[in-house]
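First up is the structure itself, then whatever we jot down about it.
The values are calculated or read from the model by the stated rules, or taken from the named source; none is laboratory data. Not measured: the values here are computed from a predicted model. Cβ atoms come from the backbone with ideal geometry, glycine included; neighbour counts cover every protein chain shown. Note: accessible area is taken over every heavy atom of the protein model, side chains too, but ligands, DNA and RNA are not part of it. Shrake-Rupley method; radii C 1.70, N 1.55, O 1.52, S 1.80 Å.
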Amino acid sequence: MFVSFNLVTRFLLELFLLSSLGVWGYHLGAGTFARFIFSGGLPVAAAIIWGLFISPKARFSLPTPLVVFIEFLLVGAAAYGLIWSGYFITAVIYTVAHIGNRLLLSIFLHKRKDG
């Protein structure tokens, strides 16, 4: 049950990552068209990267440390975007939650494979 709860939390954190990038993209744009492109393009690019390298059904199988590195680059980009947009506390809470969730899943999924 605990693993299931963490997997649902992970999915919600992934959605928050995408929406954070959308917020950042909105604030990056200097006009309506640029805001539209950035607020849509950043989340789409992140979703493609996530699908190719990080998701459980990723197209490319990479070593776990590289997957974690790519994941935290995306998390860092989302946190930076939130900070840049003026949401510092939200960025800190999101980053801590994502790192904590990733650690818990790594520990419990590793134990499940061993036992």
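Calculate how steeply helix 2-28 sits against the longest principal axis of the alpha-carbon atoms of the chain, using the helix alpha-carbon long axis, and give the answer as 0 to 90 degrees to the nearest 10.
Helix 2-28 and the main axis of the chain meet at about 20 degrees.
Would you rank TYR94, TYR80 by solvent-accessible area, highest first, keeping every protein chain in place and using a 1.4 Å probe?
These residues rank, largest area first, as TYR80, TYR94.
For the chain, set up a Gaussian network in which alpha carbons nearer than 10 Å are linked by springs, and say which option among GLY51, GLY25, GLY81 fluctuates the most.
Comparing GLY51, GLY25, GLY81 in a Gaussian network model of the chain, the most mobile one is GLY51.
With equal scatterers on the alpha carbons only and no solvent term, can you work out the Debye log10 of I(q)/I(0) for the chain at 0.12, 0.13, 0.15, 0.16 1/Å?
Debye output, listed in q order: -0.46, -0.53, -0.69, -0.77.
How long is the gain from ILE49 to ILE99 if the chain were fully straight, where each residue apart is worth 0.36 nm and the alpha carbon distance is subtracted?
Taking ILE49 through ILE99 to full extension adds about 16.1 nm, to one decimal.
Please list, in order, the residues from segment 3-26 whose amide nitrogen is less than 16 Å from a point placed 7 Å along the Cα→Cβ vector of PHE36.
Under 16 Å, as judged by backbone N against the label point of PHE36, lie 26 of segment 3-26.
Calculated from DSSP H runs of 4 or more alone, at -39500 (n - 2.57) each and per residue, what is the 222 nm mean residue ellipticity of the chain, nearest 500?
Here the helix-only value at 222 nm equals -28500 deg cm²/dmol.
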